[in-house]
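Everything on this sheet refers to the single structure shown next.
Here, each number is a calculation from the coordinates, and none is a lab measurement. Bear in mind the structure is a predicted one, so any value in this text is a computation, not a measurement. Ideal geometry is used to build each Cβ from the backbone, glycine not excepted, and the neighbour counts take in all protein chains shown.
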Amino acid sequence: MKYIAIFSVLAVVGVFVNLVHESKMLSYLSSDPTACINCHTMITHFATWQHSSHRNRATCVDCHLPRDSFVNKMLAKSRDGYNHSVAMTFKTYGNNLRISNDAAKRIQDNCISCHREVVSQMLANSALYQKVADSTVQMGRRCWECHRGLPHGTMRNITATQNNFTVKVL
Amino acid sequence: MKKPTIVFILCVLALVPMVLLTISIRENKAEQQAINAVPAISDSETRSSEWGKYYPRQYDTYMQTRKSDKIEDVLKEDPALIVLWAGYGFSKDYNKPRGHYYALEDNINTLRTGAPVDAATGPMPTACWTCKSPDVGRLTKRDGELEFFTGKWAKYGDEVANSIGCGDCHDGTTMKLNVNRDFLKRALDAEGSLKAADATHQDMRTLVCAQCHAEYYFKKTEWEDKGEKKVAQVVTFPWANGMSAENIEAYYDDINFVDWTHQLSKAPMLKAQHPGYETFVTGVHSRNNLSCADCHMPYVREGAVKYSNHKIGSPLDDIANTCLNCHSGTEKEFKAVVARKLERKNELSLLASDILAKAHLEAAKAWELGATEEEMKPALQDIRHGQWRWDYAVASHGGFFHAPEETLRVLGGAINKGQDARLKLRIILAKHNAADYVAPDFSTKEKAQAVIGLPFEKLVEEKKSFLNSLRQEWIKQSEAKGVYDPESRKDMVLKTSYN
């Protein structure tokens, strides 16, 4: 029995190492956008971003993860990673992915952090005069309610890039 | 329970979900790979419809080039050209280019390619297929470049079956832009300012076009095929001295190259093909690092997909997505600016062709009156240079826009050379008591054909019998060989200047 136990421990280690390899687990520690297209669900988002004005300036994580502290960034990454893995494994996602309030807040914060110069007056105005319509984000309105095409275009259904082949990294 | 048993049970409990997860990940990865795969298309696949199965948007827009189907007879517009090209194919038939979809069809239908009756009859060499079809790349690989350039045009009539298409610009396995005509690489290396190996993706978006939209001549090259001596007529770009009209003129003069001896004036003539690339690089758009594709293949958005429009044609058809990407202004203003550029070019071009045609006719008169070769030589050399420059300036069709300053400068040179020739000829005519000689009228296509004695009706008869016999054989044979998709010629009607 002792040998069977040793063998089964080795098997667990082996399967785990293989799992790390198969799932490209370590790639998720990087901030490389191609890690996001390990799964096909992000192809549309990657392809549209790749053809957008943001491609040379901001990668996926620059907008989608909080940038205020390393701890927050890693916590958000782990939380998203867990949710995405569950959705991917049990196929609980639909063709139209919608952003969560939590993620919307992070993105809005990041928009403002880069474009602070441009929106400083709007920030001041919203604090002084505007009635806050959407309490989940700064300023009370999401930037992309007006800037609708940025950066993923207005069509971002995950079947919208069939026959596109643009996931070849430029 | 004993300790090892507990360890064993724990391990099994951990293993089961991990193995299931691994299986799930592998399934997802296979799905991802299938979705992301770049379809591998065989290197020898020349049927654009096969590529179109994987690239429907590019293919659909490419097929739209069939809408550019109007025949515009240049010889009718300016009958002086019939005189300029007397004794050469272009005096028989010359139309403005139609869409890429028709490139092969028009090459086969023009009176210039004549009426061969079998694989060995002329008048043109195989090289005349070079820019018409992706089959050329396939045949060059299969038979070797020298064999491809040996023999008569009709030799490959049943092999060259698809008009300019996907395989002319793309590598089938990677879909990257690809120059498959080696003569362009050799010319770039000889010229030196952009070595073929140094070309960036942006350069390639011009160079794939430059494979064909450039000046060339057929360089006679002797070679040995299994002990048998053969002469190939290899398409060669005369760029070794540079790409300007004067550089290329010097190149041809140095090797005493003559396209044909003029039927009337006996001048040793040059025919400019379509120096589109050579003139484009002098223009302001090229100097700002724009490529052909930037204006002729603007990006299109369709839902979440962005791709380049393969309906290659005039950017003026889509000013909003071409000019206006960089410039401000209205479509109307742009059309007016370009129209004015064309008017300026036409004004000088018509002047030059009229002067040069008269020079040819005056030279013919001088010969008739007994002028000697020695007397005539300087004037004939002026005619050669003058007509070369005029042709270089106008033959690319787009030069007036791509490089307006260069086009007008070269036309100025053409007019000057032409008038020089006429001055010299007038002295010769005066010596032979014909100082007041007036060249015959060539103001219509018919009059000009009569002036050079062109047997037009006969040429048309011969061509029609070729189109009804050997041409039909070619279509059947290429279909039998499987190199040709009958769908690609669906609803095609015969459109020429003579039917």
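Among B:Trp153, A:Phe46, B:Pro79, flag the residue with its Cα farthest along the positive direction of the charge dipole of the protein assembly as shown, charges on Cβ as +1 for Lys/Arg and -1 for Asp/Glu.
A:Phe46
Tell me what the protein assembly as shown gives for mean residue ellipticity at 222 nm when only DSSP H runs of n ≥ 4 count, each as -39,500 (n - 2.57), the sum divided by the residue total, rounded to 500 deg cm²/dmol. Can you show the working numbers first?
On the way: 29 runs with 335 residues, N = 669.
Helix contribution divided over all residues of the protein assembly as shown: -15500 deg cm²/dmol.
Set the bar at 26 Å for Cα to Cα. Now go through B:Lys96/B:Lys358; B:Lys185/B:Lys463; B:Lys70/B:Lys266; B:Lys76/B:Lys458; B:Lys176/B:Lys335 and name every pair that lies beyond it.
Working: B:Lys96/B:Lys358 24 Å; B:Lys185/B:Lys463 36 Å; B:Lys70/B:Lys266 35 Å; B:Lys76/B:Lys458 19 Å; B:Lys176/B:Lys335 34 Å.
Going by Cα-Cα distance, B:Lys185/B:Lys463; B:Lys70/B:Lys266; B:Lys176/B:Lys335 fall outside the 26 Å limit.
In debye, nearest 20: dipole of region B:1-97 around its Cα centre with unit charges on the Cβ of K, R (+) and D, E (-)?
Values: 13 positive and 12 negative charges, 167 e Å.
About 800 debye.
Compute the FRET efficiency between B:Lys481 and B:Val258 as 1/(1 + (r/R0)^6), taking r as their Cβ-Cβ distance and R0 = 30 Å, and round to the nearest 0.05.
The calculated FRET efficiency here is 0.20.
Sort B:315-326, A:87-98 for me by packing, meaning the mean count of neighbouring Cβ atoms within 10 Å per residue, highest on top. Please list the in-between numbers first.
Details: B:315-326: 15.6, A:87-98: 11.7.
In descending order of packing, they fall as B:315-326, A:87-98.
For chain B, the longest stretch holding no trypsin sites (Lys or Arg not before Pro) located in a DSSP loop with at most 15 other Cβ atoms within 10 Å is which?
In short, B:227-489.
For region B:75-203, what relative contact order do you get, as a whole percent, if you take Cα pairs closer than 8 Å and at least 6 residues apart?
19
Between B:Arg340 and B:Ala119, what length comes free when the chain is fully extended (0.36 nm per residue of separation minus the Cα-Cα distance, one decimal in nm)? Don't jump to the answer; show the numbers that get you there.
Numbers: separation 221, 0.36 × 221 = 79.56 nm, distance 4.71 nm.
Taking 0.36 nm per residue and subtracting the Cα distance, the gain is 74.9 nm.
Identify all aspartates and glutamates with a Cα-Cα distance to A:Lys73 below 14 Å; exclude those on the same chain that are fewer than 8 residues away in sequence.
A:Asp62, A:Asp102, A:Asp109
In degrees from 0 to 90, rounded to the nearest 10, what is the angle of the helix A:70-90 Cα long axis to the longest principal axis of chain A?
60
Determine the dipole magnitude for chain A: charges of +1 sit on the beta-carbon of Lys and Arg, -1 on that of Asp and Glu, nothing else is charged, the reference point is the Cα centre, and the result goes in debye to the nearest 20.
Taking the Cα centre of chain A as origin, the dipole is about 120 debye.
Go through region A:49-65 residue by residue and turn each phi into a ³J(HN,Hα) via Karplus (6.51, -1.76, 1.60, θ = phi - 60°); whole Hz please, and just put x for glycine and proline.
Running phi through 6.51 cos²θ - 1.76 cosθ + 1.60 with θ = phi - 60° gives 4, 5, 9, 9, 5, 7, 4, 8, 10, 9, 8, 3, 6, 4, 9, 8, 10 Hz.
If r is the Cβ-Cβ distance from A:Phe16 to B:Lys2 and R0 is 22 Å, what FRET efficiency results, to the nearest 0.05?
After rounding to 0.05, the efficiency reads 0.35.
To the nearest 0.05, what FRET efficiency results for B:Ser308 and A:Met122 with a Förster distance of 45 Å applied to their C-beta separation?
0.75
What distance in nm lies between label points placed 7 Å from Cα along the C-beta direction at A:Arg148 and B:Glu333?
2.9
Mind checking B:297-306 for the average number of partner chain beta-carbons within 10 Å of each residue's beta-carbon?
Rounded to a whole number, the mean comes out at 6.
How well do other chains shield peptide A:154-162, expressed as the mean number of their Cβ atoms within 10 Å of each residue Cβ?
Going residue by residue through A:154-162 and averaging, the value is 3.
Which part of region A:65-84 falls in the paramagnetic zone of A:Thr92, meaning amide N under 11 Å from the point 7 Å along Cα-to-beta-carbon?
A:83-84
About the Cα centre of chain B, how large is the charge dipole given +1 on each Lys and Arg Cβ and -1 on each Asp and Glu Cβ? Please answer in debye to the nearest 20. Don't skip to the end; give the middle numbers.
Details: 66 positive and 69 negative charges, 224 e Å.
The calculation lands at about 1080 debye.
B:Lys476: which aspartates and glutamates have alpha carbons under 19 Å from its alpha carbon, excluding same-chain residues fewer than 8 sequence positions away?
B:Glu45, B:Glu105, B:Asp106, B:Asp118, B:Asp135, B:Asp158, B:Glu159, B:Asp485, B:Glu487, B:Asp491
Quote to one decimal, in nm, the extra length available between B:His397 and B:Asp189 on full extension: 0.36 nm per residue of separation minus the C-alpha distance between them.
Difference between extended and current length: 72.3 nm.
Loop-only GluC sites (Glu not before Pro) in region B:30-77, please: DSSP not H, G, I, E or B, and at most 12 other Cβ atoms within 10 Å.
Passing both the DSSP loop test and the Cβ count: B:Glu72.
Across the residues of A:34-41, average count of Cβ atoms on other protein chains within 10 Å? Present the calculation step by step, with values, prior to reporting the outcome.
Values: counts 0, 0, 0, 2, 4, 5, 8, 2.
Average per residue, whole number: 3.
Angle between the Cα long axis of helix A:116-128 and the longest principal axis of chain A, 0 to 90 degrees, nearest 10?
Result, in degrees: 70.
Would you work out if region B:244-293 is rounded, prolate or oblate? Take a ≥ b ≥ c from the square roots of the eigenvalues of the alpha-carbon gyration tensor; rounded if a/c is under 1.5, else prolate when a/b is larger than b/c, oblate otherwise. Spell out each step's value before the answer.
Working: a/c = 4.10, a/b = 2.60, b/c = 1.58.
Since a/c reaches 1.5 and a/b is larger than b/c, the shape of region B:244-293 is classed as prolate.
For a 24 Å ceiling on Cα separation, which of these pairs sit above it: B:Lys220/B:Lys417; A:Lys77/B:Lys306; A:Lys77/B:Lys29; A:Lys105/B:Lys29? It would help to have the intermediate numbers written out before the result.
Working: B:Lys220/B:Lys417 29 Å; A:Lys77/B:Lys306 30 Å; A:Lys77/B:Lys29 21 Å; A:Lys105/B:Lys29 31 Å.
As for pairs spanning more than 24 Å Cα to Cα, those are B:Lys220/B:Lys417; A:Lys77/B:Lys306; A:Lys105/B:Lys29.
If I require 27 Å or longer along the helix axis, counting alpha carbons, and a Kyte-Doolittle average no lower than 0.5, what helices from chain B are left? Use full DSSP H segments.
Once both thresholds are applied, what remains is B:3-36.
What is the distance, in nm, between label points placed 7 Å from the Cα along the Cα-to-Cβ direction at A:Thr136 and at B:Tyr498?
Here the modelled spin labels are 7.4 nm apart.
What full-extension length gain, to one decimal in nm, is calculated for B:Ala434 and B:Asn468 as 0.36 nm per residue of separation minus the Cα-Cα distance?
7.3 nm
Under 26 Å Cα-Cα from B:Lys226, which lysines qualify once same-chain neighbours fewer than 8 residues away are excluded?
Partners within reach: B:Lys141, B:Lys152, B:Lys155.
Select from A:His21, A:Val86, A:His115 the residue farthest towards the positive end of the dipole of chain A; place +1 on Cβ of Lys and Arg, -1 on Cβ of Asp and Glu, and compute about the Cα centre.
A:Val86
What list of ³J(HN,Hα) values in whole Hz, one per residue of region B:323-330 in order, does the Karplus curve 6.51 cos²θ - 1.76 cosθ + 1.60 (θ = phi - 60°) give from phi, with Gly and Pro shown as x?
Karplus values, whole Hz, x for Gly and Pro: 3, 6, 5, 10, 9, 9, x, 10.
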